[in-house]
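A short write-up of the structure that comes next.
The values are calculated or read from the model by the stated rules, or taken from the named source; none is laboratory data. This structure is a prediction, so every number in the text was calculated from the model and none was measured. Cβ placement follows ideal geometry from the backbone for every residue including glycine, while neighbour counts extend to all protein chains displayed.
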Amino acid sequence: MRNTLAVSFPRTGLPVFGRLPRYIVAFLAMVSIIVQPVAAQSILRDAETEALFTDMVAPLVEVSELDADEVDVVLLNDDQINAFVAGGQRIYLYSGLIETADSANEVQGVMAHELGHITGGHIIRFNEGVKTATGITILSLILGAAAIAAGAGDAGMGILAAGQQAAMGKFLAFSRVQERSADSAGARYLSEAGISGKGSINFFKKLQNYEFRLGIPQEDSYGRTHPLSGERITLLRDVYQKDPAWDKPSDPAIEARFKRVKAKLLGFTADPAVTLREYPESDQTAPARYARAYAWHKSAYPDRALYEVNNLLKSAPDDPYFLELQGQILLESGKPDEALKSLRRAVQLTNNQPLIASLFGHALIATEDTQYFDEATQVLKAAVNKDNRNPFAWYQLGVVYSQQGDMPRAQLATAESSMLQGNYAAAIRSSQIAMAGISENTPDWIRAQDISFIAKAEYERNNKRR
Ligand SMILES: [Zn+2]
């Protein structure tokens, strides 16, 4: 029996890297990656959520003239209502913000504002701080493999830790001038993309109410870094209302997807009791079933979780994300063979979405049936090529290589995953063992050598810092 209890993330006190395995979550399609600023934070990775965010931000990115490939929306597992930009063109949204928003349109208002910070070059002004924080951010993202490697075997997905993120705080301190400029740029993007500013106003009003009612801590809250005032809202409303898009309804397909993502996010992050209160059995809508499926799975009731997912699949048999969840529940309740069909189909339907593919790879390996190992290798290789922030796949790749007796390549995969964890000593060791077993100057050998060089440099840099 695997641990299927909810893992709560400490809000204070930094779990050290070496203690990470404690934070492994072994049950959901979402991957958590701890980034750990003052309060521990984790990045949530989920195929469906990322696809939705990409589609939500795309029309705004287009009119902002930023490069769509460069803009990235990252979800943080943190119930504060917050969002910020860091690391170049990366927008961080807190799960608390998603849960607070009642529509995709509200979140698009936030996205537009954050894009305004990017195009305004507000980040560059932090210069030295940027470097630090960027380094930390990237490190955090890459670090993924950590927990995965550490938590090993059962970790359906892992939580990865990175170090301190203190420098991030600098980025939260935008000046009022920058806020105004981001507001007006955001309004322009909404307008040019033909998206109503109604959601933006609703959300700002909501924030004001929350601040007032709940006394959200000023330190990190959206309200603090984004000073809200009646004046600001009035100003924005004046701009938005004149826009032809003001009365334009939000895209119903996007809104429907948002409801699902919001539901699964609650199911994943909240105490199951909270989820079941929010989405009671009497609610037979797809988002409600979706949320309950996560809640039940999280509470170690795979049968109830499957009941909800099977119902979802009755009306949408080719929904890749329902299939993904079905496969995951089966896999994590000890039935990898039964999980294969749904996961294989989900991978096909999403054209090899790397997060889903790595789950499929995991299931193939978990069958312990050697006939699946070649397929697992192919699937996982494709996954790491497509998404280098998916260290779980590296870990699985190492497992399958080692089971096939290819120890040098198992070491190379381990080296990749150690790099991602920031465990440079281990990366040096593994990459050197890999080099010893691989023919010189082949691509794999060169890769091992690269890792070895980079790991050594990082290792020395870290030691100097201490
Ligand atoms: Zn702002």
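Brief remarks on what is shown
- Some residue of segment 344-358 being on the phi > 0 side of the Ramachandran plot and within 24 Å of the chain's Cα centre (by Cα): yes
- Residues of segment 272-300 satisfying the condition of being part of a loop (DSSP other than H, G, I, E, B) and modelled with pLDDT under 95: Ser299, Ala300
- Selection status of Tyr372, more than 29 Å from Phe258 (Cβ to Cβ) and touching a Gly at 6+ places or on another chain (Cβ under 8 Å): no
- Arg447 being in a helix (DSSP H, G or I) and surrounded by 13 or more Cβ atoms within 10 Å (Cβ to Cβ): yes
- Residue satisfying all of: in segment 98-120; assigned to a helix (DSSP H, G or I) and among the hydroxyl-bearing types (Ser, Thr, Tyr); nearest to the ligand (Cβ to nearest atom) among these: Thr119
- Condition met for Met419 (in contact (Cβ under 8 Å) with a residue 60 or more places away in the chain, over 30 Å from Asp369 (Cβ atoms) and buried (at least 18 other Cβ atoms within 10 Å of the Cβ)): yes
- Hits in segment 62-88 (condition: part of a loop (DSSP other than H, G, I, E, B) and surrounded by fewer than 20 Cβ atoms within 10 Å (Cβ to Cβ)): Glu65, Leu66, Asp67, Ala68, Asp69, Glu70, Asp79, Gly88
- Here Phe322 clears all of (1) assigned by TED's automatic domain parsing to the domain that holds Pro287; (2) surrounded by fewer than 23 Cβ atoms within 10 Å (Cβ to Cβ) except the condition numbered (2).
- Selected residue [among the hydroxyl-bearing types (Ser, Thr, Tyr), assigned by TED's automatic domain parsing to the domain that holds Leu330 and in contact (Cβ under 8 Å) with a residue 40 or more places away in the chain] from Tyr290, Tyr301, Tyr294: Tyr294
- On inspection, Ser221 does not qualify as of a type in the set (S, T, N, Q) and modelled with pLDDT of 95 or more.
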